[in-house]
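The structure under discussion appears below in the form of structure tokens.
Just so it is clear, none of the values below were taken in a lab; they were calculated from the coordinates. Treat the numbers as computed from the prediction; the structure is a model and nothing was measured. Using ideal geometry, Cβ is built from the backbone for each residue, glycine included, and neighbour counts are taken over all protein chains shown.
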Amino acid sequence: MLLFTLFIVTSSCLFYYIFNPLVFRNNHEYTNIPALVNDDNLIKNGIHVKTGFIDGEGLMTVVNNCTNCHSSKIVLQNRMNVEAWNSTIKWMQKTQNLWDLGDDQKIIVDYLVSNYPPKSKGRRILLTKVKWYELPE
């Protein structure tokens, strides 16, 4: 049984190499794979590709300061006003060893408040004008 399995595997590999036209071509069109774009500052359709942040004034200050310690996703899921962001930064400085941001703090908070303002809605819009019906017994 082992010899039969070995024969099948060997013959199928041989069949592949004989009848696959790419194996014996000396054509570089199959080996020239474009390099992946590794540009940390790439903006595409108004979005910073690496982080998902909206392009705007202060973007790179946010990227350089916020994504050193945590994912951009944690920033994207939070929407706060100026006071809440400043309070959060103060908390991070007190408990998470965030450095003093200096003048960058205003740039960061302004960017976040202008691009990710708080939403006044909850998880979903309340149902209105619903036509209820009686379930049959």
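Quick notes on this one:
- Residue within region 107-127 that is touching a residue at least 40 places away in the same chain (Cβ under 8 Å), part of a loop (DSSP other than H, G, I, E, B) and surrounded by 13 or more Cβ atoms within 10 Å (Cβ to Cβ) present: yes
- The residues in region 57-74 that are surrounded by 15 or more Cβ atoms within 10 Å (Cβ to Cβ) and assigned to a loop (DSSP other than H, G, I, E, B) can be counted, and the count is 2.
- Close pairs (7 angstrom Cβ cut-off, 6 or more residues apart or separate chains): in contact (Cβ under 8 Å) with a residue 24 or more places away in the chain and under 15 Å from V113 (Cα atoms) in region 52-69, outside any helix (DSSP H, G or I) and of a type in the set (A, V, I, L, M, F, W, C) anywhere: I54/I47; L59/F53; V62/F53
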